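First comes the structure, then the notes that go with it.
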C-alpha cells in the first residue's frame, strides 16, 4: 500500500469561501518580478561615454590662436570643442560670421557660437570671400 493511496482518488478541493482564480491571474503570480519596471532599459539607454576636458599643450594653443587671428568672415571651419555640461567633445562645421574677442567666442552664420577656451582643435576648410 502506497503513502497516498487513501487520498489519490478523492475529488479536487474547491474552497467554499474564496472564488477560484482565473488561469490568467494564476499565470501572473509566476511571472518574472521587476521592482522597478523599465529601470534596466532606462539605465542602458542613458549610458554615455563621459570625458574630462583634455589639457592642451602650449604649442597647440599657439596653433589655435594663430589660426583664429587669420580667420575671416566667410571662412569655413571644422571645430572640435568641449561641452562641459555634457562632458564630451563635439565637432561642428560652419561658416564664420565673426570672432568676438570681448566675449572670447567664434560666432557662425548659423548663429551658433563656441567659446575659444573650449576649442580643442580647429581646421580651416575653405575661404569663401
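For a test of the definition: using alpha carbon positions, the gyration tensor, and the 1.5 limit on a/c, classify segment 58-127 as rounded, prolate or oblate. Display every interim value, and only then the final one.
On the way: a/c = 1.43, a/b = 1.17, b/c = 1.22.
Verdict is rounded for segment 58-127.
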Quiz prompt | For segment 58-127: relative contact order, % (alpha-carbon pairs under 8 angstrom, 6 or more apart) | solution = 35
Practice problem: Could you compute the FRET efficiency for residue 50 and residue 123, with r as their C-beta to C-beta distance and R0 at 25 Å, rounded to 0.05? | Solution: 0.50
Exercise. Using label points projected 7 Å from each Cα along Cα→Cβ, tell me how many nm separate residue 98 and residue 39, to one decimal.
Key: 5.3
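Using the number of other C-beta atoms within 10 angstrom as an exposure proxy, rank 89, 82 with the fewest first. Please report the intermediate quantities before stating the final value.
Numbers: 89 15, 82 19.
Listed from fewest to most nearby Cβ atoms, that is 89, 82.
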Practice problem: Just subtract the alpha-carbon distance of residue 8 and residue 25 from 0.36 nm times their residue separation and send over the number in nm, one decimal. | Solution: 3.4 nm
Quiz item: Which angle between 0 and 90 degrees, to the nearest 10, do you get for helix 58-70 versus the longest principal axis of the chain when only C-alpha atoms count?
Solution: 60
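Sort 93-100, 9-16 by the packing proxy (mean of other Cβ within 10 Å over each peptide's residues), most packed first.
Working: 93-100: 15.8, 9-16: 6.1.
So the order, starting with the most tightly packed, is 93-100, 9-16.
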Quiz prompt | Mean residue ellipticity (222 nm) of the chain, computed from DSSP H runs ≥ 4 via -39,500 (n - 2.57), nearest 500 | solution = -6000 deg cm²/dmol
Quiz item: Which order results if 77, 83, 37 are arranged by neighbouring Cβ count within 10 Å, fewest first?
Solution: 37, 83, 77
Quiz item: Considering the values [x] 1.08; [y] 1.28; [z] 2.41, which represents Cα Rg over 2.2 N^0.38 Å as calculated for the structure under consideration?
Solution: [z]
Quiz prompt | Relative contact order (%) - segment 13-129, alpha-carbon pairs under 8 angstrom, separation at least six | solution = 23
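Where a number appears in this text, it was derived from the coordinates with a stated rule and is not lab data. Predicted model, so just to flag it, every value in this text is computed and none were measured. We place every Cβ from the backbone using ideal geometry, glycine too, and count neighbours over all the protein chains shown.
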